[in-house]
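J.: My questions all concern the structure below.
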Amino acid sequence: MDNNKKYILAIESSCDDTSVSIIDTDFVCLSNITATQKIHSEYGGVVPESASRQHEINIVPTVIKALKQAGDFSLKQMSAIAVTTHPGLLGSLLVGVSFAKGLALSLNIPLIASNHLSAHVLAHFVKRKKEDTTIDFPFLCLLVSGGNTQIILVKSYKNMEIIGQTIDDAAGECLDKSAKILGLPYPGGPQIDKLAKTGNPNALKLSKANIPAYDYSFSGLKTSILYTLRDKLKEDSEYITKNINDICASVQQTVIDTLLIKFEKAIKDLKIKNIALAGGVSANSLLRERFLELGKKYNIDAYIPPFEYTTDNAAMVGAVGVFKYLNNDFDSIDVQVHAR
């Protein structure tokens with residue numbers, strides 16, 4: 001611990017993961033502890049009431065673990081508390097924000113509110129060590145998660161312009177729902193990624209929406225998957241079992257093709273030299289591979305965060321915290337949570 005440095009405690013509780021991180025004002029992550037709720041796998045999705053109750057159970061032990069992992073820090077050494085205030089599940093957000101407010105008041109330090117989606121974007125600034133290099137502004141970011149799919153022109157930490165987004169379902173939701181149709185366990189996206197590795201991505205021809213400009217639509221693809229499998233099952237009742245790897249590979253390729261066609265158009269139109277991938281779906285192995293290939297194709301720098309900073313985590317909230325702390329951009333103790 002360096003007594004001359006400032007440290008921020010960050011809290012993320014927007015959905016079903018309780019995460020706490022300690023990050024210094026050089027953006028170096030000293031700890032990033034996440035308590036994952038296993039109970040939701042039984043129901044095939046997150047149960048909001050159960051999620052908020054589990055956050056209440058998990059938050060204090062997670063804070064203690066994060067402080068210890070960072071180097072036996074104490075709360076009195078923190079200079080600010082950063083917390084996700086929106087968007088997310090209302091009950092889950094309330095647990096994290098209420099706890100953060102209590103800490104900030106008791107320690108008499110600033111409270112910093114974080115937008116969950118902005119945090120995913122700014123995860124690219126989190127460092128493992130001070131010497132690590134990070135992306136520069138401006139950059140073009142493809143944000144892909146279970147609830148959001150957006151193309152964002154990032155000019156600064158507080159100036160992000162959404163130039164394209166899904167008009168219905170998110171890409172991650174499409175993968176999860178497809179997995180559910182196939183009878184795969186929740187969360188389905190990682191299951192599809194795993195099975196697709198040994199499948200034929202051209203086995204099924206699935207529809208791709210043609211939406212103007214940089215926007216997306218994935219509801220039609222979900223319908224295409226459902227109807228295609230329905231017809232195949234009429235011919236062979238064991239079609240899914242026999243062809244699960246090919247189905248997963250076809251679904252995954254169609255989703256990723258859809259994502260990158262629009263993103264590539266934005267690269268060409270805007271002539272941006274830095275591109276970034278963010279959000280939980282950025283953990284998908286094929287998407288990561290294809291994204292890096294896109295950078296090579298246009299001879300531009302392509303950034304993908306380490307796996308631990310892709311899914312919901314507090315380190316990315318800490319990155320928002322550092323930017324706002326360095327700019328004295330603090331929030332009122334009366335700040336409210338918002339589901340959307």
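The values are calculated or read from the model by the stated rules, or taken from the named source; none is laboratory data. Computed from a prediction, not measured in an experiment: that's the story for all the values here. Using ideal geometry, Cβ is built from the backbone for each residue, glycine included, and neighbour counts are taken over all protein chains shown. The protein model used for the area step is the full one, side chains on, heavy atoms only, and it has no ligands, DNA or RNA in it. Shrake-Rupley method; radii C 1.70, N 1.55, O 1.52, S 1.80 Å.
J.: Need pairs with beta-carbon distance below 8 Å; first residue basic (Lys, Arg) and within the range 6-22, second open to solvent by less than 10 Å² (accessible area, probe 1.4 Å); sequence gap 6+ or separate chains.
T.: Short answer, once both residue conditions are applied: Lys6/Asp24; Lys6/Ala80.
J.: I'd like the residue in the range 302-326 that is surrounded by fewer than 15 Cβ atoms within 10 Å (Cβ to Cβ) and either touching a strand residue (DSSP E or B) at 6+ places or on another chain (Cβ under 7 Å) or in contact (Cβ under 8 Å) with a residue 40 or more places away in the chain (or both) and, out of all such residues, is farthest from Gly147 (Cα to Cα). Before the answer, list the steps.
T.: To start, the set of residues in the range 302-326 that are surrounded by fewer than 15 Cβ atoms within 10 Å (Cβ to Cβ) comprises 306-307, 326.
Going one step further and asking which of them are either touching a strand residue (DSSP E or B) at 6+ places or on another chain (Cβ under 7 Å) or in contact (Cβ under 8 Å) with a residue 40 or more places away in the chain (or both), we end up with 306, 326.
Working: Pro306: 21, Leu326: 30 Å.
By that ranking, first place goes to Leu326.
J.: Based on what the data block shows, is Ile22 in contact with a Leu (Cβ under 6 Å, 6 or more places away or on another chain), at pLDDT 95 or above and either part of a loop (DSSP other than H, G, I, E, B) or of a type outside the set (Ser, Thr, Tyr) (or both)?
T.: Details: in contact with a Leu (Cβ under 6 Å, 6 or more places away or on another chain): yes; at pLDDT 95 or above: yes; either part of a loop (DSSP other than H, G, I, E, B) or of a type outside the set (Ser, Thr, Tyr) (or both): yes.
Yes, satisfied.
J.: Now for a different question. For the list (1) over 27 Å from the mean Cα position of the chain (by Cα); (2) over 18 Å from Gly183 (Cβ atoms); (3) open to solvent by less than 60 Å² (accessible area, probe 1.4 Å), I need the number of the one condition that Thr228 fails.
T.: Here Thr228 clears every test but (2).
J.: Now a separate question. Would you mind listing the strands (runs of 3 or more DSSP E) fully within the range 107-198 where at least 1 residues are free of Cβ contacts under 8 Å to residues at least 60 places away in the same chain and open to solvent by 10 Å² or more (accessible area, probe 1.4 Å)? Reasoning before the result, please.
T.: Values: elements: 111-115, 139-144, 149-156, 159-165.
So the answer is 149-156, 159-165.
J.: Which ones in the range 240-259 are open to solvent by 10 Å² or more (accessible area, probe 1.4 Å) and either among the aliphatic types (A, V, I, L, M) or at positive phi (or both)?
T.: Once the filter is applied, which keeps residues that are open to solvent by 10 Å² or more (accessible area, probe 1.4 Å) and either among the aliphatic types (A, V, I, L, M) or at positive phi (or both), the range 240-259 yields Ile240, Ile244.
J.: Let me ask you something else. Which residues, taken from the range 289-301, are basic (Lys, Arg) and crowded, with 16+ Cβ neighbours inside 10 Å? Before the answer, list the steps.
T.: First, pick out the residues of the range 289-301 that are basic (Lys, Arg): 290, 296-297.
Of everything in the range 289-301, just one residue is basic (Lys, Arg) and crowded, with 16+ Cβ neighbours inside 10 Å, namely Arg290.
J.: Which residues, counting only those in the range 263-287, are part of a helix (DSSP H, G or I), surrounded by 19 or more Cβ atoms within 10 Å (Cβ to Cβ) and either without any contact (Cβ under 8 Å) to a residue 60 or more places away in the chain or of a type outside the set (A, V, I, L, M) (or both)? Working first, answer last.
T.: Going through the range 263-287, the residues part of a helix (DSSP H, G or I) turn out to be 263-270, 280-283, 285-287.
From the residues that got through so far, the ones that are surrounded by 19 or more Cβ atoms within 10 Å (Cβ to Cβ) too are 263, 266-267, 280-283, 287.
Within the range 263-287, Phe263, Gly280, Ser282 meet the criteria.
J.: Confirm whether Ser250 is in contact with a Pro (Cβ under 8 Å, 6 or more places away or on another chain), of a type in the set (Gly, Ala, Ser), under 30 Å from His55 (Cα atoms) and part of a helix (DSSP H, G or I).
T.: Working: in contact with a Pro (Cβ under 8 Å, 6 or more places away or on another chain): yes; of a type in the set (Gly, Ala, Ser): yes; under 30 Å from His55 (Cα atoms): no; part of a helix (DSSP H, G or I): yes.
Considered against the rule, which asks whether it is in contact with a Pro (Cβ under 8 Å, 6 or more places away or on another chain), of a type in the set (Gly, Ala, Ser), under 30 Å from His55 (Cα atoms) and part of a helix (DSSP H, G or I), Ser250 comes out as no.
J.: Residue by residue through the range 118-139, note down the ones that are over 11 Å from Cys29 (Cα atoms) and charged (D, E, K, R).
T.: Here is the first cut: in the range 118-139, the residues over 11 Å from Cys29 (Cα atoms) are 118-122, 124, 131-139.
Matches in the range 118-139: Glu131, Asp132, Asp136.
J.: Let me ask another. Can you tell me which residues in the range 302-340 are under 11 Å from the mean Cα position of the chain (by Cα) and of a type in the set (Asp, Glu)?
T.: Scanning the range 302-340 gives Glu308, Asp312.
J.: Next question, about the same structure. Which pairs have Cβ atoms under 8 Å, sit 6 or more apart or on different chains, and link a residue in the range 55-70 that is closer than 8 Å to Ser31 by Cβ to one that is open to solvent by less than 70 Å² (accessible area, probe 1.4 Å) and in a helix (DSSP H, G or I)?
T.: What qualifies is Ala66/Ala314; Leu67/Leu75.
J.: What about Lys76, is it assigned to a helix (DSSP H, G or I) and closer than 20 Å to Ile57 by Cα?
T.: Against the criterion (assigned to a helix (DSSP H, G or I) and closer than 20 Å to Ile57 by Cα), Lys76 does not qualify.
J.: Then there is this: Given the criteria of a type outside the set (A, V, I, L, M, F, W, C) and either under 23 Å from Asp16 (Cα atoms) or part of a loop (DSSP other than H, G, I, E, B) (or both), does Gly102 qualify?
T.: The answer is yes for Gly102.
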